[in-house]
Amino acid sequence: MAETRHTAMSTHQVTNQPPPLADYDASDDPALLEALRREGAAWAEPELRRLGRLAGSQLAQDNGRLANDNPPKLRTHDRYGHRLDEVEFHPAWHDLMRTAIHHSLHATPWRERRPGAHVARAAGFYVWGQAEAGHLCPVSMTYAIVPALRHAPELAGQFEPLLAATHYDFGLRPPLAKKGLLAGMSMTEKQGGSDVRANTTTAVPAGDGTYRITGHKWFTSAPMGDLFMVLAQAPGGLSCFLLPRVTPDGDRNGMRLMRLKDKLGNRSNASAEVEYEDALAWLVGEEGHGVRVILEMVNSTRLDCVLAAATGMRAGVIHAAHHAAHRAAFGKTLIDQPLLANVLADLAVESEAATAVALRLAAATDRAARGDQDEAAFRRLALAVTKYWVCKQAPAHAAEALECLGGNGYVEESGMPRLYREAPLGSIWEGSGNVAALDGLRALTRQPESAEAFFAELELATGADRRLDEAIARLRKEAADPTEAGARRLAETMAVTLQAALLVRHGHPAVADAFAATRLAGDRGHAYGTLPAGLRTSEIIARATPAS
């Protein structure tokens, strides 16, 4: 009988797969660094570079994955039946938060007195957000509460130094007993949503200068924060209040966490449904002026919605380009296939336009805070229309970036599904698309100084590109007779024209040319990857590949 021989064979050898995109510098982003220098925050670049290396590290990516694989858990009671109203987070969440707070992503403008502080903070928020998006909600809320809190100077004097501190001091203790504070917002109710004037939560004066809050809130951001900005109906009308989770004498305040929202994305972050029962709070501003006060906070968080959308676009582009640079099909790497190169370039153009306008808005915030009324007027209108448009672009952009990885992109391990689920958030939070478009319409029609400042910004780019000049002329006609039904179309046109003007003035020539040809002149299909022939796609794609 012949001897049967079994030859050992390798049945599993991995080939033609890209290496992990890890230990790279997330701040190695030409559009971002150019805007940082242009908008007066070049002094922050060394620190941004350090943060970029952290954001691109394997550790940060692992923490982002773990924080989402192990979402927060609500503990309403202890084993004996006592109320706890606490949210437990995975250690990875705390590591992410510790880095964000240490790098002052919640407070750079409140700590740094030099020009460009809002720009520096925005750039850091954008870079670190590539590690994980959800934990930036409490970071954003803490940044945004300070301008609103200043309507109550005595409260600001007590709490602003702790809100600006770079100590991440998690846990429920009296605010003034902690080394650092985090903030949240408790505004919307189930019967009103964006129509906060329909709120029914009440605030009753206690006779000692404080109020007692009772009612139900449908969404409360960052429920394990230390201080919350709350809207409630006071005797003088809808008013704004600062409510601590723990009272000054150490008691749990009457803030009951009823449940955590089971969200599409943003799963590492807790968002809660809350009931207030005779909870202590302090009035911020005057009774009846609550909307005006809390809008100070909302306008700051709207800026962060734009930044988060731009961050997601950048993350999508670099992951898609990295995959395409290392994966081959039909005899060539994907990045050298003309059709996929067209897709990558189109995604990169959208990403750079979002980055340019986000940092321009951060610069307007910075200059407005320093007393520049023209910049404040520009920001009023530009932020509304940009928040509408850039946040609307994020979901389609994420879907296309995911598709660049093929079936690999549809698998959770790639990280792209998390990016995709996160993408719709910005167009919903802090005012949905209709709210943002109508806010832009109000600014245009009721605050003529905003329209003047907006068009003055566009005029700075006239004469450099015929397509832009024609777009500005069309926009002037459209804006002269706006209607509520056309508010979305007008917001889109204004935002796209602003992006084009910024790219024509400051962007890479290949990017500016591609944007003008496609987004202004209409030489483009309805999907990504339909750029016309003749554009310098290789130059555009090169800007989407960070150095390791």
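Counting only residues that are surrounded by fewer than 18 Cβ atoms within 10 Å (Cβ to Cβ) and assigned to a helix (DSSP H, G or I), region 96-120 holds 3 of them.
Do we have any residue at all in region 72-83 that's under 19 Å from the mean Cα position of the chain (by Cα) and either closer than 23 Å to Leu182 by Cβ or at pLDDT 95 or above (or both)? Give the steps one after another, and end with the answer.
Within region 72-83, the first condition is being under 19 Å from the mean Cα position of the chain (by Cα), and the residues that meet it are none.
Checked against the condition, which is being under 19 Å from the mean Cα position of the chain (by Cα) and either closer than 23 Å to Leu182 by Cβ or at pLDDT 95 or above (or both), region 72-83 yields no hits at all.
Taking the listed residues Ala203, Ala198, the one that is hydrophobic (A, V, I, L, M, F, W, C), over 20 Å from the mean Cα position of the chain (by Cα) and modelled with pLDDT under 95 is Ala198, with no other qualifying. For region 472-507, a tally of residues being more than 21 Å from Ala364 (Cβ to Cβ), part of a helix (DSSP H, G or I) and among the small types (Gly, Ala, Ser) returns 3. Within region 313-329, at least one residue is under 20 Å from Leu498 (Cβ atoms), touching a residue at least 12 places away in the same chain (Cβ under 8 Å) and under 21 Å from the mean Cα position of the chain (by Cα).
The criterion of at least 1 residues that are under 27 Å from Pro482 (Cβ atoms) and small (Gly, Ala, Ser) is met, among helices (runs of 4 or more DSSP H) falling completely within region 396-471, by 433-446, 448-459. Restricting the search to region 252-301, which residues are out of contact with any strand residue (DSSP E or B) (no Cβ under 9 Å at 6 or more places or on another chain) and more than 25 Å from His151 (Cα to Cα)? Across region 252-301, the qualifying residues are Asp262, Leu264, Gly265, Asn266, Arg267, Ser268. A residue that is touching a residue at least 40 places away in the same chain (Cβ under 8 Å), surrounded by fewer than 23 Cβ atoms within 10 Å (Cβ to Cβ) and under 27 Å from Cys391 (Cα atoms) can be found somewhere in region 249-260.
Just wondering, is there one or more residues in region 231-238 that are assigned by TED's automatic domain parsing to the domain that holds Met97, closer than 30 Å to Val119 by Cα and in contact (Cβ under 8 Å) with a residue 40 or more places away in the chain? Reasoning before the result, please.
First pass over region 231-238, keeping only residues assigned by TED's automatic domain parsing to the domain that holds Met97: 231-238.
Then keep just the ones that are closer than 30 Å to Val119 by Cα; that gives 231.
Going one step further and asking which of them are in contact (Cβ under 8 Å) with a residue 40 or more places away in the chain, we end up with 231.
There is at least one residue in region 231-238 that is assigned by TED's automatic domain parsing to the domain that holds Met97, closer than 30 Å to Val119 by Cα and in contact (Cβ under 8 Å) with a residue 40 or more places away in the chain.
The residues in region 139-154 that are more than 22 Å from Arg314 (Cα to Cα) and either aromatic (Phe, Trp, Tyr) or in a helix (DSSP H, G or I) (or both) can be counted, and the count is 11. Hey, could you check region 463-507 for residues that are touching a residue at least 40 places away in the same chain (Cβ under 8 Å) and among the acidic types (Asp, Glu) and say which is farthest from Glu34 (Cα to Cα)? Checked region 463-507; the qualifying residue farthest from Glu34 (Cα to Cα) is Glu484. Of all residues in region 183-209, those that are more than 23 Å from Asp226 (Cα to Cα) have Cβ atoms under 8 Å from Cβ atoms of residues that are outside any loop (DSSP other than H, G, I, E, B) and modelled with pLDDT under 90, 6 or more apart or on another chain, in Gln191/Ala198; Gly192/Ala198.
The values are calculated or read from the model by the stated rules, or taken from the named source; none is laboratory data. Computed from a predicted model, the values in this text were never measured in an experiment. Neighbour counts are summed over all protein chains in view; Cβ atoms, including those assigned to glycine, are modelled from backbone coordinates with ideal geometry.
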